[in-house]
Structure formats: C-alpha cells, structure tokens
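Nothing in this text is a laboratory measurement; each read-out follows from the coordinates by a stated rule. Nothing here was measured: the structure is a model prediction, and the numbers come from that model. A quick note on method: Cβ atoms are made from the backbone with ideal geometry, for glycine too, and the neighbour counts reach across all protein chains shown.
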Amino acid sequence: MSQVTTASAGAGRVALVTGVSRRIGIGHTVAQRLTADGFRVATAGWSEYDRRMTWGADDATPELAGPFYEIDFEDPTATESLVSTVCEDMGSIHVLVMCHCESIDSDIHTTTVDSFDRHMAVNARATWQLIKGFSEQPDGVGGSARIVSITSDATVGNLPYGASKGAMDRIVLAAAVELAGQGVTANVINPGATDTGWMSPEIEQQVLERNLQPRIGRPSDVANLVGFLCSPEGGWVNGQLLYSDGGLTP
C-alpha cells in the first residue's frame with residue numbers, strides 16, 4: 001500500500017488559518033505545520049485584540065510564506081471579504097482552520113451585554129459565516145475538503161468565551177452533516193490548557209497537578225492533530241469533538 005508523505009499531503013492545496021497574530025499562538029504554529037505539509041497557506045489575525053490583552057501584540061509580521069490579512073471578525077462583513085480575497089489571491093480554499101477567538105474573563109455577574117455580543121460575533125457568528133463562505137466558493141471546495149476549529153470548555157469565570165465557543169462547536173459539527181455532499185469533513189479540537197503565553201505559574205501548576213502527563217500542552221500538539229485531520233489519512237475522522245489535552249479530560 002502506498003503511503004502519503006507529510007510533505008506531499010497538501011500537494012499545493014490552499015489552506016486558510018484564522019487567529020494568526022502571534023508567533024507563540026496556536027494559529028501560527030498550525031500555519032507553519034500546514035506549510036510544511038505542502039499547503040499554500042493564507043492567514044488572518046487581528047492585532048488590536050492582542051493589544052487589549054495582557055500579553056500584548058506581536059508587532060512583527062508573522063514569518064509565514066503566504067499572505068496575511070488583518071481582519072476584525074466583529075465586523076459582520078469581514079468574513080465575506082476575507083474568503084473572496086483569499087480566493088482571488090490564491091484560488092479556491094480546500095482547508096479552513098479556525099483558531100481565532102475573543103476571550104475576556106468575566107462571570108455571570110460581571111459580563112456586560114457588549115462583551116457577550118462581541119464574543120458571540122467573533123467566536124460563533126464569524127465561524128458560521130466563514131463556513132458558509134467556504135462552502136459557497138465560486139469554483140467549489142474540491143474533493144477532500146477540511147474544516148477544523150479550536151474550542152474550549154472554560155466557561156466558569158469566563159462566561160461569554162465558553163458560551164460562544166459552545167455555540168461554535170455546534171455550528172462546526174452541523175457542517176459535517178450539511179456539507180457532506182460536497183466532500184467536506186468538519187471536526188472540533190479541544191486542546192485544554194495550552195502554553196501560548198497566558199498562563200501564570202499558579203495556573204501552570206494546577207494544570208500539571210490535574211494532567212495524566214507531566215507537562216502542559218504546546219501549540220505544536222494542536223498543530224500535529226490538525227495536520228493529521230487535513231491529511232488523506234485523517235479523512236475518516238468526521239463530525240467529532242476531539243479532546244487532545246494529554247489526559248486533562250480523561
């Protein structure tokens with residue numbers, strides 16, 4: 001039986017990865033992995049979000065071969081603009097990996113309506129719009145198309161983030177059924193606590209105490225699973241919410 005090498009898995013196909021604005025992040029690492037797998041990768045991110053967060057923005061242009069687009073998914077017209085621009089610049093998109101998010105800590109009592117609406121717009125609405133645009137490309141998605149999104153079940157003390165990510169999960173899993181006739185698979189990855197620069201030493205210790213393996217998650221762990229799901233060998237995995245967290249959720 002012939003084997004598909006990692007470098008040839010993409011075979012020049014186009015991948016769009018969102019949430020790529022910091023080198024330490026999951027999105028950037030996923031984009032690097034798909035590039036190494038032979039995909040032509042377009043990326044999108046929103047540096048203004050990072051500037052609002054404690055970790056700050058990575059002002060250096062992401063060191064990736066393909067085009068990078070600054071996109072604010074709170075804008076309801078942003079997704080249509082992004083998909084059409086990528087198609088014009090690179091051709092039809094075969095793989096859509098959504099790593100973008102809005103995530104501001106707040107609980108039931110401290111969450112504001114504006115914050116809740118912004119989380120739902122970025123994490124849930126934009127996911128639906130991206131999937132819709134992906135499936136409606138003028139030249140189609142081609143065979144063996146892939147959708148992958150990154151989720152979280154951290155809702156306690158992070159209400160709008162967790163609630164909007166839960167909505168995102170359902171949208172992506174619905175796509176596995178609704179887009180099956182187009183040759184699309186759709187899966188969700190929950191990587192648990194991943195070291196992207198946000199964890200304090202106290203949080204890291206808590207994660208280590210709970211996990212079945214003696215380390216915290218790395219962006220490369222997520223990228224490895226995305227790479228598999230986007231490969232020919234990963235085509236039989238479909239409509240799944242996959243926990244890939246080292247045993248944090250046994």
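Quick notes
- Think of the chain as having a plus end and a minus end, set by charges on the Cβ of Lys, Arg, Asp and Glu; of GLY247, VAL17, ILE150, GLY247 sits farthest toward the positive end of this dipole.
- Around GLY10: net Lys/Arg minus Asp/Glu count, Cβ-Cβ under 12 Å: +3
- Among THR185, THR35, THR110, the residue with the largest mean-square fluctuation in a Gaussian network model of the chain, with springs joining Cα atoms closer than 10 Å, is THR110.
- Linear extension gain, ARG210 paired with THR112, 0.36 nm per residue minus alpha-carbon span: 32.1 nm
- Where the Cα pairs of the chain fall when distances are cut into 5 Å bins, in %: 1, 6, 14, 18, 21, 18, 12, 6, 2, 1, 0, 0
- Each of PRO201, SER231, ILE71 was scored by the projection of its Cα onto the charge dipole of segment 6-243, and the greatest displacement toward the positive side belongs to SER231; charges sit on the C-beta of Lys, Arg, Asp and Glu.
- Cα centroid separation - segment 106-142 against segment 172-195, whole Å: 15
- Only DSSP H runs of four or more residues enter the estimate; each adds -39500 (n - 2.57), and after division by the residues of the chain the mean residue ellipticity at 222 nm equals -10500 deg cm²/dmol.
- Hz values of 3J(HN,Hα) by residue in segment 24-32 - Karplus curve (6.51, -1.76, 1.60), Gly and Pro given as x: 7, x, 5, x, 5, 5, 4, 4, 4
- Residue with peak Gaussian network fluctuation, the chain [Cα springs, cutoff 10 Å], from PHE39, PHE228, PHE134: PHE228
- Along segment 239-245 the Karplus relation, 6.51 cos²θ - 1.76 cosθ + 1.60 evaluated at θ = phi - 60°, assigns HN-Hα couplings of x, 10, 9, 9, 8, 10, 10 Hz to successive residues, with x for each Gly and Pro.
- Assuming charge only on the beta carbon of Lys and Arg (+1) and of Asp and Glu (-1), the dipole of the chain about its Cα centre is about 640 debye to the nearest 20.
- With R₀ fixed at 35 Å, the C-beta to C-beta distance from MET90 to THR155 puts the FRET efficiency at about 0.45.
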